[in-house]
Amino acid sequence: MPTSESENSAIIFDRNAVRRHQARAAASFAEHDFLFREVAERLADRLQDIKRSFDVGISLGARGDHLRESLMGNDAISVLHEMGSNTGSPGIAFIGDEEALPVKPNSADLIVSNLALHWTNDVPGTLIQCRQALKPDGLFMAAILGGETLTELRQVLMEVEAEISGGVSPRISPFAELSDAASLLQRAGFNLPVADSDTITVTYSNVFALMHDLRGMGETNAVVTRPKYFSKRQIFLRAAERYSELFAGSDGKIPASFQVLYLTGWAPDASQQKPLRPGTASTRLADALETEEHSAGETADPENSN
Amino acid sequence: MTAKSTVDPKLLEILVCPVTKQALRYDEDAQELISEAAGLAYPIRDGIPIMLADEARPLEGDQKSD
């Protein structure tokens with residue numbers, strides 16, 4: 001079976017570190033979950049726009065209650081099984097790894113994920129497994145963090161670290177770009193793939209408050225080559241200074257942007273819309289536009305042209 | 001011996017071994033989901049199946065590598 005071919009994908013994220021960060025954050029997650037809460041609402045809105053009901057839904061990387069609460073509000077989903085990375089999150093039905101999905105092929109009507117799949121090393125392999133787990137015409141909808149996330153912090157840390165230690169280390173995880181997202185879905189075999197993005201800007205009193213929140217979300221750096229020792233205090237003190245100089249508003253507070261990508265695709269099914277073969281149209285474009293048709297000069301079949 | 005929590009039968013219907021994607025056998029007494037194909041037993045803790053190969057118990061006897 002053509003499932004997880006992870007040998008040929010680079011290992012960027014330390015999946016055990018991801019699991020550890022999330023488990024550590026689970027107990028006080030509710031104090032830092034604003035982003036998850038907000039995005040859960042937006043996912044639910046999008047799902048409501050799709051006039052469909054789903055028997056079996058699966059939520060990947062579930063943390064906290066928000067997605068369940070937001071989704072079950074519109075009773076379009078009969079059952080929602082939530083897969084988490086640790087047992088500390090409420091409502092979890094089973095523990096699993098998105099890269100080795102323990103879900104039977106052809107068994108789900110809906111797979112949703114609220115800000116989890118940006119931690120997968122093998123995004124194409126994960127998407128393929130999701131597509132296989134869906135029934136024909138099943139829906140995949142995931143929100144992930146995009147490459148513009150924490151762009152301010154990235155810029156500041158890079159500048160400051162280069163200035164102080166003469167080198168740069170990967171301190172913030174790399175994320176997918178919007179421009180790659182739709183083609184990733186398409187390559188995984190989804191039909192009607194759509195990718196779009198939102199940027200959510202949050203303000204903090206300083207960099208330390210931002211870092212505290214990231215830790216509370218369990219979203220701190222899990223890049224394999226991340227520095228394994230505590231960073232020099234002076235780097236963060238200087239970073240706090242530069243962040244304010246470059247980005248602070250008139251109230252002294254600093255903004256942090258989170259780019260959220262929404263990926264939507266359908267498991268292929270014969271009933272879905274597809275382009276017709278050329279020459280099989282039953283309606284004239286000119287009629288649809290209520291205009292007169294003018295010949296462009298050359299036609300493929302001059303006998304029948306008008 | 002702790003009291004057994006039950007696992008949602010609807011959940012069991014959709015779970016497979018993450019390594020082989022093959023069906024699992026539910027051992028209610030041991031609270032494990034057995035993957036014969038992978039030679040692994042996935043634990044169920046407090047009614048929550050832990051579907052991670054790292055956390056699974058290798059089955060004794062006929063060991064299979066793949």
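The values are calculated or read from the model by the stated rules, or taken from the named source; none is laboratory data. Keep in mind that this is a model prediction, so the values were computed, not measured. FYI the Cβ positions are ideal-geometry reconstructions off the backbone, even for glycines, and counts take in every protein chain you see.
Side notes on the structure shown:
- Subset tally (residues that are at pLDDT below 85, part of a helix (DSSP H, G or I) and acidic (Asp, Glu)) for segment A:1-50: 2
- Matching residues, segment A:240-278, being more than 30 Å from A:Gly57 (Cα to Cα) and loosely packed, with under 14 Cβ neighbours inside 10 Å: A:Glu245, A:Leu246, A:Gly249, A:Ser250, A:Asp251, A:Gly252, A:Leu276, A:Arg277, A:Pro278
- Counted residues, segment A:11-37 - those being acidic (Asp, Glu) and under 17 Å from the mean Cα position of the chain (by Cα): 1
- Strands (runs of 3 or more DSSP E) (entirely within segment B:1-53) containing at least 2 residues that are more than 12 Å from chain A (Cβ to nearest Cβ) and either out of contact with any Phe, Trp or Tyr (no Cβ under 7 Å at 6 or more places or on another chain) or surrounded by fewer than 21 Cβ atoms within 10 Å (Cβ to Cβ) (or both): B:25-27
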